[in-house]
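The next block holds one structure in the form of structure tokens; read it before the comments.
The values are calculated or read from the model by the stated rules, or taken from the named source; none is laboratory data. Worth saying up front: this structure is predicted, and the values here are computed from it rather than measured. Cβ atoms come from the backbone with ideal geometry, glycine included; neighbour counts cover every protein chain shown. The protein model used for the area step is the full one, side chains on, heavy atoms only, and it has no ligands, DNA or RNA in it. Shrake-Rupley method; radii C 1.70, N 1.55, O 1.52, S 1.80 Å.
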Amino acid sequence: PEQCVVAVDGPSGSGKSTVSRRLAATLDGVYLDTGAMYRAVTWAVLQAGVDLTDPEAIAKIALETELTIGTDPDAPHFAANGTNVDAPIRGPEVTGAVSAVAAVPAVRKHLVTLQQTIIAAHKRIIVEGRDIASVVAPDADLKVYLTASAAARAARRSAEDATDVAATEADLARRDKLDSSRTADPLRQASDAIEVDTTGMGIDDVVAHLLELLNSKV
Ligand code: C5P
């Protein structure tokens with residue numbers, strides 16, 4: 001397609017990132033990792049030593065943080081206040097705190113506006129997150145909701161970062177619960193999103209399936 005916005009939502013470890021990056025590269029488009037935006041803000045909040053139970057203090061840091069948002073599907077580099085954060089935003093401190101930061105309404109409002117500006121500036125863009133179809137890009141050409149069994153999601157994540165499968169499964173369950181139960185834009189499947197269960201599917205199969213869906217829409 002000449003122009004398209006694809007929204008890819010779903011819980012942690014459902015394959016969103018790998019699939020979205022591959023799809024963006026295949027379409028010669030860009031890739032927006034909104035989870036990395038919440039993670040980069042969380043990194044800045046932790047750096048500032050702010051109390052994680054103080055939403056106003058968190059929001060203040062979020063609004064002050066200058067984000068550099070990489071959208072190249074082959075190398076989506078992120079920086080916060082000029083410091084590259086590609087490694088620390090995947091670390092346990094940020095992963096442990098990100099759901100609390102992402103639950104602050106003012107943080108979401110700020111990042112959603114940024115996301116919408118980035119989407120408007122590109123012709124073909126694949127956007128992954130939790131609330132893309134429902135909040136960020138309700139007019140997306142294709143909305144997919146990726147799922148996979150808890151065991152499959154944990155197995156993928158622990159293969160990526162070489163952590164213990166049981167601990168990973170517990171952490172994914174913890175974040176899914178926080179992300180689905182918060183009041184501000186919780187994780188949920190949009191009514192018009194197409195659910196794709198990737199349990200037992202290879203990455204090539206998922207990407208091919210999404211390309212078929214997209215071609216049937218645009
Ligand atoms: O996708 P990823 O696991 O990197 O996202 C990290 C966290 O950021 C999620 O657990 C969730 O709390 C938050 N998030 C969000 N809305 C998005 C993307 C991510 O609340 N659109």
Next item on the list: Could you grab me the full set of residues in the range 83-105 that are away from the ligand (no atom under 11 Å from the Cβ) and open to solvent by less than 80 Å² (accessible area, probe 1.4 Å)?
Entry: Thr83, Val85, Asp86, Ala87, Pro88, Gly91
Check: Just for the range 70-82: of the residues that are touching a residue at least 24 places away in the same chain (Cβ under 8 Å) and in a loop (DSSP other than H, G, I, E, B), which one is nearest to the ligand (Cβ to nearest atom)?
Finding: Pro76
Next item on the list: Note down all Cβ pairs under 7 Å where the first residue falls in the range 30-58 and is farther than 23 Å from Glu128 by Cβ and of a type in the set (Gly, Ala, Ser), the second is away from the ligand (no atom under 13 Å from the Cβ) and part of a helix (DSSP H, G or I), and they're at least six residues apart or on different chains.
Entry: Ala48/Ile61
Notebook entry, point to check: Among the residues of the range 1-46, how many are aromatic (Phe, Trp, Tyr) and open to solvent by less than 20 Å² (accessible area, probe 1.4 Å)?
Noted result: 2
Margin query: Give all pairs with beta carbons closer than 8 Å in which a residue from the range 195-214 that is assigned to a helix (DSSP H, G or I) meets a residue that is polar (S, T, N, Q) and open to solvent by less than 60 Å² (accessible area, probe 1.4 Å); count only pairs at least 6 apart in sequence or on separate chains.
Written below: Val206/Thr198
Notebook entry, point to check: Does the range 147-166 contain any residue that is modelled with pLDDT of 95 or more, hydroxyl-bearing (Ser, Thr, Tyr) and away from the ligand (no atom under 11 Å from the Cβ)?
Noted result: no
Notebook entry, point to check: Residues in the range 106-125: is at least one open to solvent by less than 10 Å² (accessible area, probe 1.4 Å) and assigned to a strand (DSSP E or B)?
Noted result: yes
Next item on the list: Those residues that are within 15 Å of the ligand (Cβ to nearest atom), part of a strand (DSSP E or B) and either open to solvent by less than 20 Å² (accessible area, probe 1.4 Å) or touching a Pro at 6+ places or on another chain (Cβ under 9 Å) (or both), I need them from the range 126-146; list them, please.
Entry: Ile126, Val127, Glu128, Gly129, Lys143, Val144, Leu146
Checklist line | Which numbered condition Ala159 fails, given (1) within 30 Å of Leu27 (Cβ to Cβ); (2) surrounded by fewer than 15 Cβ atoms within 10 Å (Cβ to Cβ); (3) touching a residue at least 12 places away in the same chain (Cβ under 8 Å); (4) not polar (S, T, N, Q) | finding: (3)
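Across the range 154-182, which residue is nearest to the chain's Cα centre (by Cα) among those that are of a type in the set (Ser, Thr, Tyr) and assigned to a helix (DSSP H, G or I)? Reasoning before the result, please.
Looking only at the range 154-182, we keep the residues that are of a type in the set (Ser, Thr, Tyr), and these are 158, 163, 168, 180-181.
When the remaining residues are screened for being assigned to a helix (DSSP H, G or I), the result is 158, 168, 180-181.
On the way: Ser158: 18, Thr168: 18, Ser180: 14, Ser181: 17 Å.
Checked the range 154-182; the qualifying residue nearest to the chain's Cα centre (by Cα) is Ser180.
Here is a check on your reading of the model: is Asp176 touching a Pro at 6+ places or on another chain (Cβ under 6 Å) and either more than 11 Å from the ligand (Cβ to nearest atom) or in contact (Cβ under 8 Å) with a residue 12 or more places away in the chain (or both)? Outline the logic, then answer.
Working: touching a Pro at 6+ places or on another chain (Cβ under 6 Å): yes; either more than 11 Å from the ligand (Cβ to nearest atom) or in contact (Cβ under 8 Å) with a residue 12 or more places away in the chain (or both): yes.
In short, yes.
Specify which of the listed residues (Ala79, Ala62) is of a type in the set (A, V, I, L, M, F, W, C) and surrounded by fewer than 18 Cβ atoms within 10 Å (Cβ to Cβ).
Ala79
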